[in-house]
Amino acid sequence: MNSTWDLITLSYFSPKTWLNASYLYRVVGLLSPWRSSSFLLRFGEAIGALLISLIFIFGPFITTGLLGVWLIAITGYWGILTLSDTEKTGFSPIHLFVFLYWGVSAVAVALSPVKAAAFSGLIKLTLYLVFFVFCARILRSPRLTNWLITVVLGIGLVVGSYGIRQQLFGVEQLATWNDPTSELAGATRVYSYLGNPNLLSAYLLPAIALGVAAFFVWQGLVPKLLAITITLVNTACLYFTGSRGGWIAMIALVGAFLLLFFVWFKNNLSPFWRKWLLPLVFGILGGLMFAAIMSVDSLRIRVMSIFVGRQDSSNNFRINVWMAVLDMIRDRPLIGIGPGNAAFNKIYPLYMSPKYSALSAYSVLLETAVETGLIGLSIFVWLLVITVNQGVQQIQRLRDKNNPAGMWLIAAIAAMAGLMAQGLFDTVWYRPQVNTLWWFMVALVASQYQPLNNEQ
């Protein structure tokens, strides 16, 4: 059984032999002599970290078009670093499946009924995937990793603080985000600088996860207090978004944290606590959650609206979109219509119910199936499995070495769990402010990759 799982998850995959036989990989380091004579490229990784920082610093405050331009610049700089590289390292099973997913997406474009629109989506996808590869490279440096995580946490604190300010002093609701027939129709839902409460809740999840990890990694009283402040502020802000998907995501994030904390600390536990700690903790948290739902009217009304089906306008809208999307998948089940919202907007009107226009499938998994078919969906899910498996393996390795960097991996996987939980019911995951953070989390895991057989 273990050997089958190891085969599925590529646990013993070693890229060395495969890469040495790859003609494409031979371009890596083609211009390495140039790097040794270049003054700026001596600081290549530090400049790369600065470019990534600017994405995170300005992401919540500028348009998606400007973020796209910056991703293009990062892609160009990644090309320069790759051609001038002096070490051919850093390739992992995660990289392999990211490349496979891109390949399936390219095939979907070639077979798409709306090729021009799908090609524009492929360009956007390529920028995000190159961003992942670039981050995985830069994050191999512990110093630059700490810097970039500090940037994410700092900007997250600014965004979360402004969201709380909106809750305290009120803010104009830019759209009908609550069911007009609900008792909460006039309630405030904060959106900070991002303009949408669901988008804000997804944006805050990585900052919350990294804030928890920072408490364990950062040394000294003041840094630990700062980590606690960041976590509490962003958690409160996420609650004030009123995003049901965000609340579900928070539950998934906490659950993943507890499981991975158990992996990290279990060697320090007695046999009794190894057996009973998780059931007790989950039971207590479940009880507290139930008590909060029953005692806070606004929370109870909002949570119960999840289970009323079409009686809630938001639920009804999503159900109608999902039914149309399922019809789209049935007509092109294997390879889909091609990536991107432009292709979706060309095809969806042919299937939609009257008055239920939509810009996306309102589910990451359904969107993936629509864009790249069941083949692409299978590879995407496989990528998730491999990423989590690799992350757990590296967490155990770093734990055994008493390396606190393992906490960053715990946070990365927990944030991914939260984002995917929200992604079951929404597609804010595709917005650049969130998508860049998603691939940053995946890159955190990929950057720590070491084969189990210790081949490099």
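On the basis of being of a type outside the set (A, V, I, L, M, F, W, C) and either open to solvent by 30 Å² or more (accessible area, probe 1.4 Å) or in contact with a strand residue (DSSP E or B) (Cβ under 7 Å, 6 or more places away or on another chain) (or both), does S363 make the cut? Considered against the rule, which asks whether it is of a type outside the set (A, V, I, L, M, F, W, C) and either open to solvent by 30 Å² or more (accessible area, probe 1.4 Å) or in contact with a strand residue (DSSP E or B) (Cβ under 7 Å, 6 or more places away or on another chain) (or both), S363 comes out as no.
Please go through region 307-316 and give me each residue that is among the charged types (D, E, K, R) and assigned to a helix (DSSP H, G or I), ordered by number.
Just the residues of region 307-316 that are among the charged types (D, E, K, R), to begin with: 310, 312.
Within region 307-316, R310 is the sole residue that qualifies.
Among residues of region 259-307 being surrounded by fewer than 14 Cβ atoms within 10 Å (Cβ to Cβ) and among the polar types (S, T, N, Q), the one that is farthest from the chain's Cα centre (by Cα) is S270.
Taking every residue in region 63-87 that is on the phi < 0 side of the Ramachandran plot and pairing it with any residue that is loosely packed, with under 13 Cβ neighbours inside 10 Å, at least 6 positions away or on another chain, the pairs with Cβ-Cβ distances below 6 Å are L83/L30; S84/W34.
Would you confirm, using the coordinates I've provided, whether A343 is in contact with a helix residue (DSSP H, G or I) (Cβ under 7 Å, 6 or more places away or on another chain) and either surrounded by fewer than 13 Cβ atoms within 10 Å (Cβ to Cβ) or more than 14 Å from T372 (Cα to Cα) (or both)? Full working, then the answer.
Details: in contact with a helix residue (DSSP H, G or I) (Cβ under 7 Å, 6 or more places away or on another chain): yes; either surrounded by fewer than 13 Cβ atoms within 10 Å (Cβ to Cβ) or more than 14 Å from T372 (Cα to Cα) (or both): no.
Here the answer is no, as A343 does not meet what is asked.
Can you find a residue in region 407-425 that is open to solvent by 10 Å² or more (accessible area, probe 1.4 Å) and more than 24 Å from L153 (Cα to Cα)? The answer is yes, given that some residue of region 407-425 is open to solvent by 10 Å² or more (accessible area, probe 1.4 Å) and more than 24 Å from L153 (Cα to Cα). Hey, can you tell me all the residues within region 125-145 that are at pLDDT 95 or above and of a type in the set (S, T, N, Q)? Listed by number, the residues that qualify are T126, T145.
In region 426-456, of all residues being charged (D, E, K, R) and open to solvent by 30 Å² or more (accessible area, probe 1.4 Å), the one that is farthest from the chain's Cα centre (by Cα) corresponds to E455.
Y348 - would you say it is out of contact with any Cys (no Cβ under 9 Å at 6 or more places or on another chain) and surrounded by 22 or more Cβ atoms within 10 Å (Cβ to Cβ)?
yes
Taking residues in region 311-325 that are open to solvent by 20 Å² or more (accessible area, probe 1.4 Å), and partners anywhere that are among the charged types (D, E, K, R) and at pLDDT 85 or above, not one pair has Cβ atoms closer than 8 Å while being at least 6 places apart or on different chains. Residue selection: L139 fails the criterion of being touching a Lys or Arg at 6+ places or on another chain (Cβ under 7 Å) and either touching a residue at least 24 places away in the same chain (Cβ under 8 Å) or basic (K, R) (or both).
The values are calculated or read from the model by the stated rules, or taken from the named source; none is laboratory data. Since the model is a prediction, treat every value here as computed from it, not as a measurement. Every residue, glycine as well, gets a Cβ built from its backbone with ideal geometry; the counts of neighbours run over all protein chains shown. Ligands, DNA and RNA are excluded from the accessible area calculation, which covers all protein heavy atoms including side chains. Shrake-Rupley method; radii C 1.70, N 1.55, O 1.52, S 1.80 Å.
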